[in-house]
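Worksheet for the structure shown next.
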Amino acid sequence: MSIIVAVKKAGSIAVAADTMHSSGSHREYSDNLISRTKLRKVGSSCLAGVGWSVYDNIIDHYVKSFKRPPVLKDEMGVFEFFLKLWKAMRSKYQVVNDQPDKDDRSPFADLDSEFIVANKNGIFQVSSDLTVMQFEKYVVIGSGDKYAYGAIHAIYDTKRTAEQIAQQAVQAAVYFEQTCGGEIEVDRIC
């Protein structure tokens, strides 16, 4: 599992994440993985996700097919990117299984993962049903979200920077949530 935090404060945006990866009950830490980051550059944006790790491979492969990086400057641009990704996953990536739930009466898609997109235009969350929302101050996704939100709430109105707040929120999640761990990586967007 993972914890990813994006914070906007005083004209600065920072994204932070833990670095532990897990597969079932097995944990793998960043000191044993080669070039495995949860924070990836897509054009001028930082894109990070929680859920299935195979999304890292799919998104990296999918974005390589673009002649120009996708424009992720607003909710509609982010939604369009993920809508096209969803369509490509169904037609191009045979590893995707629709896994219909007979009890689920929702007419909407289920990515079974969540994402944050951050750039100079703001911070956006993409929910598993492809809902895209933009946030003014901060957003958190992942298994340690309650701890990270609590930490942000407690320190947001202090003199700390966006980077410091994001890092401390991830640190709180890593400390209290057993499915988060490893070092903390931080990307300052602007």
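Coordinate-derived values only; no laboratory data. Since the model is a prediction, treat every value here as computed from it, not as a measurement. Every residue, glycine among them, receives a Cβ derived from its backbone with ideal geometry; neighbour counts consider all protein chains shown.
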Q.
Is the C-alpha gyration tensor of the stretch 39-80 telling us rounded, prolate or oblate? Criteria: a/c under 1.5 is rounded; beyond that, a/b larger than b/c is prolate, otherwise oblate.
A. oblate
Q. Under 20 Å Cα-Cα from Lys137, which lysines qualify once same-chain neighbours fewer than 8 residues away are excluded?
A. Lys8, Lys9, Lys73, Lys120, Lys146, Lys159
Q. Does the stretch 1-74 come out rounded, prolate or oblate by the C-alpha gyration tensor, with a ≥ b ≥ c the root eigenvalues, rounded set by a/c under 1.5 and, if not, prolate when a/b is larger than b/c and oblate if not?
A. oblate
Q | Cα gyration tensor category, rounded, prolate or oblate, for the stretch 139-182 with a/c compared to 1.5 | A | prolate
**Q.** Scaled radius of gyration (Cα, divided by 2.2 N^0.38 Å) that the stretch 110-172 gives
**A.** 1.15
Q: Please report, in whole Å, how far the alpha carbons of the chain spread along each principal axis, starting with the longest.
A: 48, 37, 37
**Q.** Mean Cβ count within 10 Å, highest first, over the residues of peptides 130-137, 170-177
**A.** 170-177, 130-137
Q. Is any helix in the chain, taking whole DSSP H runs, at least 24 angstrom long along its axis by alpha carbon and on average at least 0.0 on the Kyte-Doolittle scale, and which ones?
A. 75-92
Q) Could you give the length gained on full extension between Ala88 and Lys146, defined as 0.36 nm per residue of separation minus the Cα-Cα distance, in nm? A) 17.6 nm
